[in-house]
Amino acid sequence: MTHIDPEALVASLRRLQTTSPETGIVHQLERAVDVVNTLFGYSGAGLMFAEEGKDLRYLVTTDDRGRSLEGAQLHLGQGPCVSAYEENAPVTSSDVRVDPRWPKLADRLHLEVRAVAGVPVRLGGDPVGTLNVYQSEPYEWDESDIQALKAYADVIEQLLTAAMAAEEKSALADQLQYALDYRVVIERAVGYLMGKHDLTAAQAFTGLRKQARDSRRRVADLAAEVLGEGAGELR
């Protein structure tokens, strides 16, 4: 049985949960994998994620042995981690080299990959990948191992959710800034037209918008052109 220090586990989870999304999601996932590996004393760990076509790809591994495990499963389309993703449930093997469920796997594995455990990483309840660990000797996984891995998979889900929210927030902020920038341009163009043609603000804006629609252009683009022409008149 792997000894798990409850205080170290809680502290590690809190550090991961409070990491800023600004540091980059891949960096955060690398940290999560490293923490699983070092905190619990497993021989190695990795993350696999599904692309849009639902094919798994490995994203992060701690060493070459872990890459052999994930690469072999991806090549064959089978293994404990692939099964964890497909079944949306934890899957373990005390010695994957002799496990009858995946007879072709052993030939493609590093000799020091023996016991393997995989748990699904989910978003909205649906699996999007797996968190995987291995031991270099046969090992009987127990409930404490599975619960710890599931806890870390939950943290990874929170990291992904936070990163997605940050990306959406950033995109929204960009859109708002774009709108604010061009609002200034439009207001300046309206002011120019009011002075040049003795119009009210409503008349100037209505005329600007109508001309933009008639020419199938954005109001902001036409406003910038109007200001450009006005500047040319002053030269």
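For this structure, a couple of remarks:
- Within segment 61-81, tally of residues that are hydrophobic (A, V, I, L, M, F, W, C) and open to solvent by 10 Å² or more (accessible area, probe 1.4 Å): 2
- Some residue of segment 34-45 being modelled with pLDDT of 80 or more, within 21 Å of Y134 (Cα to Cα) and among the polar types (S, T, N, Q): yes
- Count of residues meeting criterion [open to solvent by 50 Å² or more (accessible area, probe 1.4 Å) and either at pLDDT 95 or above or of a type in the set (K, R) (or both)] in segment 99-111: 4
- Considering segment 125-150, and only residues there that are open to solvent by 30 Å² or more (accessible area, probe 1.4 Å) and assigned to a helix (DSSP H, G or I), the residue that is nearest to S93 (Cα to Cα) turns out to be E143.
- Some residue of segment 83-93 being open to solvent by less than 10 Å² (accessible area, probe 1.4 Å), under 25 Å from K150 (Cβ atoms) and part of a helix (DSSP H, G or I): yes
- R65 being part of a helix (DSSP H, G or I), more than 19 Å from L160 (Cα to Cα) and not small (G, A, S): yes
- Scanning segment 114-130 for residues that are modelled with pLDDT of 95 or more and among the β-branched types (V, I, T) yields V116, V119.
- Among the residues examined, R31 does not qualify as among the basic types (K, R), within 15 Å of the chain's Cα centre (by Cα) and in a strand (DSSP E or B).
The values are calculated or read from the model by the stated rules, or taken from the named source; none is laboratory data. Predicted model, so just to flag it, every value in this text is computed and none were measured. All Cβ positions, glycine included, derive from the backbone under ideal geometry; neighbour counts span all protein chains shown. Areas reflect the complete protein model, heavy atoms only, side chains present, ligands, DNA and RNA absent. Shrake-Rupley method; radii C 1.70, N 1.55, O 1.52, S 1.80 Å.
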